[in-house]
1. What residue, of 555, 550, 575, is modelled with pLDDT of 80 or more and surrounded by 10 or more Cβ atoms within 10 Å (Cβ to Cβ)?
2. Mind checking whether some residue in segment 192-199 is surrounded by fewer than 17 Cβ atoms within 10 Å (Cβ to Cβ), within 30 Å of residue 505 (Cβ to Cβ), touching a residue at least 24 places away in the same chain (Cβ under 8 Å) and touching a Lys or Arg at 6+ places or on another chain (Cβ under 9 Å)?
3. If you go through segment 260-276 one residue at a time, do you hit one that is surrounded by 19 or more Cβ atoms within 10 Å (Cβ to Cβ), acidic (Asp, Glu) and at pLDDT 90 or above?
4. Which of the residues spanning segment 289-306 are surrounded by 14 or more Cβ atoms within 10 Å (Cβ to Cβ) and over 21 Å from the mean Cα position of the chain (by Cα)?
5. Would you mention how many residues in segment 370-384 are assigned to a helix (DSSP H, G or I) and either of a type in the set (Ser, Thr, Tyr) or loosely packed, with under 14 Cβ neighbours inside 10 Å (or both)?
6. From (1) assigned to a helix (DSSP H, G or I); (2) under 27 Å from residue 285 (Cα atoms), pick out the condition that doesn't hold for residue 328.
7. Look at residue 187 and say whether it is surrounded by 23 or more Cβ atoms within 10 Å (Cβ to Cβ) and in contact (Cβ under 8 Å) with a residue 24 or more places away in the chain.
8. Going by the structure shown, is residue 131 in contact (Cβ under 8 Å) with a residue 24 or more places away in the chain, among the charged types (D, E, K, R) and surrounded by fewer than 23 Cβ atoms within 10 Å (Cβ to Cβ)?
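The values are calculated or read from the model by the stated rules, or taken from the named source; none is laboratory data. Remember, it's a predicted structure, so these values are computed and weren't measured experimentally. Reconstructed Cβ throughout: ideal geometry from the backbone, glycine too, with neighbour counts over all protein chains shown.
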Amino acid sequence: MNPPEPPAEGETGGAPAVDAGRPDPRLAGFAEAAEAGTAQSAAEELEIPLELGSRGEPGSYLMRFSNRGARLLSLKLGDYSMEMEDAGGESLDPATWVELLAPFGDPGGAGSLGFAASQSARGLLTEPLEEALWEHRLLEPGSDGATGIEFSYAPGTGVRFVKRLTATGGYGLRLELAVENLAAPEAAGLRQFVLTPAEVVPPHGDEAFYVEPQTLAVWDEGDGALELESQHAESGDLTGSLPAPDSSHLAYAGVHNKFFAFLLSPPSESEARAVLGASYRRVADPAWRAANPDEDPEEALKYVVCDLALQLQVPDVGGETRVAFELYAGPKQRQILQEANEAYGTLVDDDIGFFKSIAKLITGILGLYHSLVGNWGWAIILMTLTVRGLLFPLNRRAQTAMARFAKKMKRVQPMLDANKEKYKDDPKKQREEQARIMQQEGAFPPLGGCLPMFLQIPVFIGLFQSLRVHFDLRHQPFILWMKDLSMPDQLLRIDLNTHLPFIETIEYLNVLPLMLIFLWIAQHKVMPQPASTDPKQDQMRKMMMGMQIFFAFLFYNYASGLALYMIMSSGFAIFESLVIKRLWPIDDKEQPPKKPSRFMQKMAELQKEQQRRLELEQKRRASGGKKGGGKGGKGGKGGKKRR
């Protein structure tokens, strides 16, 4: 699988050579062979393990490399576990560690940290960089303090390529790419390459509301303005660009899943200018394809990859061009991300979406309560009570207004029914009389009746978005069988195939959504019903009840933290109806119609004046039509006289 071609030379301004100068003295041992035109490569294909950092601490990695293409096959995080009972990563067993980069299994891929030559650079090679066997050496802490691995490859054309990966502390790594001209004066000039930061970032969970993995490129437009372009593994196109705005440079790019990310960023603008563009491509999972040979081949496209087009200066003989990139391999936790690179915060903002400001406020309140009670489930409950408590005065006022309106409508409804029967053959008169009765009785729905509901919508959406990707909820238990608030509660495995759209196979029995359906039905029963006996309104109430049940099933496989919020919110509403309203009944006494304001009086006068003018215009037209007909008759006689 060849990486996509970057833009042709000349379409974008050439990037300056970075760190060009004398060759690295550590590489001098290859000079004679390069000058003699012989290749320097490994004798056989090897897998090279590398462990960095201290297990259980940030920056603890277990990596596996292949010297074929100097690719990174896999990367595990030594401080995070896939086991729910080991959320903090205290286990020292690497078999349980989170695998951020997985082996692909397809030899045609360039691999994670893949470095490949585009058309303009292929003349420097005798075989593709991603297929060559590179030599390697492990870097131990020494005079420069570097710990990591270094690959080198001399194809025998007088140039040599070096790829070097070192730990920088925390979740940071440093990738250096070097092109050295040992004995090829004709090779000097701009050449283009393709760098693939991460090839396979496996999904962290199976959630319908969050497609993973996703790839992105974020472009710096200057003055702190960042433009994010992303694609996910289920996008319609197999390949495409992650376009850069005019006069921008790369801020960072990479691939991420629900909770973890592998990102690459240039440390300076000069290195960023070496990146000409970014593209994505969807790639198949060979193991899935082999296990499902009869399925649609497109179903095997489980992963998405980001490729960066690089333009590097091959120096004159004796010189070296070296570019460096910072890597982040760790959790998508806002504080940790922004400590590594302030721009990385846009990754979390993009996951949350439009209501990111509300989501930040909600997660801030959640964090405060968690610091007090030490459990995210109880923190969600306290936050729910806080939200309902803050909205209670508005709810109470709206409920009072609606109760008074309902009582008034109960009195006015017989008058409206009588009017409807009286003018059943004259719809226009029926509407006029109905408007007169409603105006006279002041029977209009209160404007603020729906305000509390509308105020809760942004809160609900903010919760929906933030709880979906809030890293702090990962593997966080509540009580009993609820072990992970970022996932469905999963009481037991049932594997029930419903053959229904949206639901399909029910893998686990999730209790919280079923509790939510019961509470929504109970809430519907205890809420005061409108006085109207209109069958259409009764049908509308039944449809609303059905929609609530549908949404409960739609959220069946959603995070249990959100279900917990909705359960507590509905429970509070039921408690309010059964207890608070009995202890503190709502005053539903009819209030005398308020005297219309001057503005409303003026509007009523204008409406009457407009109606009067309309009636006069209709009379004038009717009268003019009759006169016109008479003149037409006389005109006809006159015509005969002229003949």
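1. Working: 555 fails: modelled with pLDDT of 80 or more; 550 fails: modelled with pLDDT of 80 or more.
None of the others qualify; the one that does is 575.
2. Keep residues of segment 192-199 that are surrounded by fewer than 17 Cβ atoms within 10 Å (Cβ to Cβ), which gives none.
Looking for residues that are surrounded by fewer than 17 Cβ atoms within 10 Å (Cβ to Cβ), within 30 Å of residue 505 (Cβ to Cβ), touching a residue at least 24 places away in the same chain (Cβ under 8 Å) and touching a Lys or Arg at 6+ places or on another chain (Cβ under 9 Å), one finds none in segment 192-199, hence no.
3. Step one: list which residues in segment 260-276 are surrounded by 19 or more Cβ atoms within 10 Å (Cβ to Cβ), which gives 260-266, 271-272, 274-276.
In the following step, the residues that additionally are acidic (Asp, Glu) were identified as 271.
Among the residues that remain, those that are also at pLDDT 90 or above are: none.
No, there is no match, as no residue in segment 260-276 is surrounded by 19 or more Cβ atoms within 10 Å (Cβ to Cβ), acidic (Asp, Glu) and at pLDDT 90 or above.
4. 289, 300
5. 4
6. So the condition that residue 328 fails would be (1).
7. Numbers: surrounded by 23 or more Cβ atoms within 10 Å (Cβ to Cβ): no; in contact (Cβ under 8 Å) with a residue 24 or more places away in the chain: yes.
Judged against the criteria, residue 187 is not a match.
8. Values: in contact (Cβ under 8 Å) with a residue 24 or more places away in the chain: yes; among the charged types (D, E, K, R): yes; surrounded by fewer than 23 Cβ atoms within 10 Å (Cβ to Cβ): yes.
Judged against the criteria, residue 131 is a match.
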